[in-house]
1. Quick check: pseudo-label points 7 Å beyond the Cα along Cα→Cβ at A:Leu58 and A:Glu125, how many nm apart are they?
2. Starting from the Cα of A:Lys167, draw a straight line to each of the lysines and keep only those under 20 Å, dropping any in the same chain fewer than 8 residues away.
3. What is the spread of the Cα atoms of chain A along each of their three principal axes, largest first, in whole Å?
4. What percent do you get for the relative contact order of chain A when only Cα pairs under 8 Å and 6+ apart count?
5. In whole Hz, what ³J(HN,Hα) sequence does the range A:57-67 give by Karplus (6.51, -1.76, 1.60; θ = phi - 60°), x for Gly and Pro?
6. What does the charge count near A:Phe29 come to, summing +1 for each Lys or Arg and -1 for each Asp or Glu among other residues with Cβ under 13 Å from its Cβ?
7. Please build a GNM for chain A, connecting alpha carbons under 10 Å apart, and tell me which residue among A:Asp156, A:Asp182, A:Asp36 fluctuates the most.
8. Give A:Lys89/A:Lys215; A:Lys67/A:Lys215; A:Lys89/A:Lys126; A:Lys126/A:Lys215 a once-over and call out the pairs whose C-alpha atoms are over 23 Å from each other.
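All of the numbers you see were taken from the coordinates with simple rules; none came from a lab. Here the structure is a predicted model, which is why all the values come from computation and not from measurement. FYI the Cβ positions are ideal-geometry reconstructions off the backbone, even for glycines, and counts take in every protein chain you see.
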Amino acid sequence: MDRLSPSEARQLQEQLAGRVVLRPLPAVFSVLGAADLSYIKETNQLIAVIVTFSWPTLQPLESVHVKSAIRFPYVPGLLSFREIPAMLKAYAQLRRPPDIFLCDGQGLAHPRRFGLACHLGILLEKPTVGCAKTRLCGNHEPLEAERGARQPLWLDGTQVGYVYRSKTGVKPLYISPGHLADCNSALWLVERCLGRYRLPEPLRAAHHTATRLRKTMMAT
DNA sequence: GCGACAG
DNA sequence: ATCTTGTCGC
């Protein structure tokens, strides 16, 4: 999965998309993981952070991070090829592997039905859920402004996820199953992870850690 | 050809 | 993603 051309990457996505399994998330599990990245412009590197939490209490368990050289440019639709190498490196540092992963990006809500969350799920063979801050593709009916409002996200006549207003008056979240999950349980998981803010707490924690590390490392 | 386009 | 201050609205 290293030095692919964009067209080869798209071809690989179409192939791997056939392996994605859609089904409800496990009813019982004990560790939830969340991953996020920050970018170090000066060295053209990525910092990958994975934070794990006990479920369902969401108490922090451990946090790992790695620096990784960028091997693939950012291309809309091919984000996973840029981020996954760093995420796998961080994953190897974990003492206790998560049962389920929350990802900062799309899952099924992708032109070839193979967003970042699907890719990570297939490689780790674990349930994953995608939670993106903005839309990549798909259409939906108008969303009410109140917290909790939701609309199915459609792509070519099939539902690929939900557009979900996590807080009143904020921009919605784009939630879609990655692997070993489905639209409804993906939304359920995100709802269960919400705290006071727009983003689910695990992703906020991973994002804050990644951002803080970037600034810390710039001074090194 | 034109607009859209996760992080 | 990152570059960036004040400011409008819950």
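1. Once both label points are built, they end up 3.1 nm from each other.
2. Counting by Cα, and skipping residues close in sequence, A:Lys167 has these lysines nearby: A:Lys133.
3. Principal extents (Cα only, largest first): 47, 41, 32 Å.
4. Answer for chain A is 22 percent.
5. In residue order, the calculated couplings are 6, 6, 6, x, 10, 8, 9, 10, 8, 9, 9 Hz.
6. +2
7. Largest GNM mean-square fluctuation: A:Asp156.
8. Those over the limit are A:Lys126/A:Lys215.
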